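Notes to accompany the following structure.
Read-outs throughout are calculated quantities, based only on the coordinates presented, and are distinct from any laboratory measurement. Here the structure is a predicted model, which is why all the values come from computation and not from measurement. Cβ: placed from backbone, ideal geometry, glycine included. Neighbour counts: every protein chain shown.
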Ligand code: HEM
Ligand SMILES: *[C@@H]1O[C@H](CO)[C@@H](O)[C@H](O)[C@H]1NC(C)=O
Ligand SMILES: *[C@@H]1O[C@H](CO)[C@@H](O)[C@H](O)[C@H]1NC(C)=O
């Protein structure tokens, strides 16, 4: 059984109301353009590469080196920070692409341009890129113009039908999350979820020391535990949602070690030193006491070699599981109930009608199945079904990506009781 067909048949009970753009209720928007764009992007990927995505997770492959991993940061791809009117947001991977002109420097980008740059410059897998970009367009972008913003809002192509798309900045709890790598929790920073919090960056920085510092996957797994604990201990409104928290924010920690490392001939498995870590986060300064953050200045270092293997959705899941296995507490879903240190984890069995529970979450592909259902279910009922734009977009994504995903045999999660989240002020009020 394929993963995706299962989700199309979901009937989801959602009792909570989340602030969501009203245009998502509009099911009459024609998606044939999006459908053709996805087909044309996929048609340009060599069949052999697509077959590889199904076969093996790139992380299990041996790293090889080729000079073509060197990323051009000269000429039209020279670094330039955003000017007035150009936008950047909470994701340093997206910000560097815009600062080097691989994304439109405005920060508003098309479907095709964003998938192409993410795969060619950073080596995000085509499956991961299509899934993340399509979700962006569906929840915070313009599904007619097929554009989305990596930061703030921008004008709609059809203002009478679609209001201004909000951009990633406006996606708190749906894409953007508390307990991030360096960005602040929404409640603690008055909704500023896009700026690096220097104190948080310094905690990551301090996990390594000296000329041999190397921010490996294990270091980032430790940081993930620290960022989670910090939010529990300091944010009375901490909320850790199934998709934006457990999946996106945890994956983002793993992304630091995998994507930002320099994958050279000498170190084909990657090496992330302090200089390059600072560069990707827009930080300058030589010692920990003199570090400075400047908004929008994320930069690809000169002479930087990208990762050799595409990071597929299977890799996303594999690395999230490693993080949870190392620190089981970060596998919880839930939040604080209005005071610090009041974290309550929702019972996964209650949330999913018993289909997924804490015993089987880590088995097989359940976390992937759960995440996918959660991405859809984190929405009011009207939006998750086939009668809404988002429902239609997710169904389209299901159909397009299914052939490239491994057979996942997902259990049918036909109940997702989001009213269990009403006890968390960070869910209802942000
Ligand atoms: C379409 C592709 C992508 C989208 C839509 C996306 C979106 C996001 C979002 C919504 C966040 C906020 C998560 C949070 O609040 O904790 C985030 C954070 C992050 N992303 Fe991305 N991302 C994409 C690709 C990438 C890639 C390819 C990389 C690495 C090269 C990357 C690296 C990161 C990192 C390191 C963070 C943590 C930021 C921090 O807290 O300092 N992302 N991304
Ligand atoms: C990446 O590694 C190669 C080989 O050691 C080195 O020449 C290059 O300067 C490194 N790049 C960065 C950005 O550290
Ligand atoms: C959802 O959870 C709430 C709160 O625990 C409970 O009262 C309600 O009966 C549940 N709804 C379903 C459909 O299971």
> How far apart, in nm, are two points set 7 Å out from the Cα along the Cα-to-Cβ line at residue 68 and at residue 157?
Replying inline: 3.1
>> Per-residue counts of other Cβ atoms within 10 Å, averaged by peptide: what ranking do you get for 317-330, 112-125, 151-164, 61-74, highest first?
In response: 112-125, 317-330, 151-164, 61-74
> Using the beta-carbon distance between residue 423 and residue 40 and R0 = 41 Å, what value does 1/(1 + (r/R0)^6) give for FRET efficiency, to the nearest 0.05?
Replying inline: 0.35
> Using the count of nearby Cβ atoms within 10 Å as a rough guide to exposure, how do 36, 105 rank from fewest to most?
Replying inline: 36, 105
> Points 7 angstrom from Cα along the Cβ direction at residue 303 and residue 212: gap in nanometres?
Replying inline: 2.2
> Thinking of the range 110-235 as a set of Cα atoms, what percent of all their pairs are more than 25 Å apart?
Replying inline: 40
>> At R0 = 25 Å, how high is the FRET efficiency between residue 347 and residue 226 if r is their beta carbon distance? Nearest 0.05 is fine.
In response: 0.45
> What is the range 204-324 by shape, rounded, prolate or oblate, if you read a ≥ b ≥ c off the alpha carbon gyration tensor as root eigenvalues and call it rounded for a/c under 1.5, prolate for a/b larger than b/c, and oblate otherwise?
Replying inline: oblate
> Using mean Cβ contacts within 10 Å as the protection proxy, how do 293-306, 245-258 order, highest first?
Replying inline: 245-258, 293-306
> Ranked highest first by the average count of other Cβ atoms within 10 Å around their residues, in what order do 227-236, 282-291 fall?
Replying inline: 227-236, 282-291
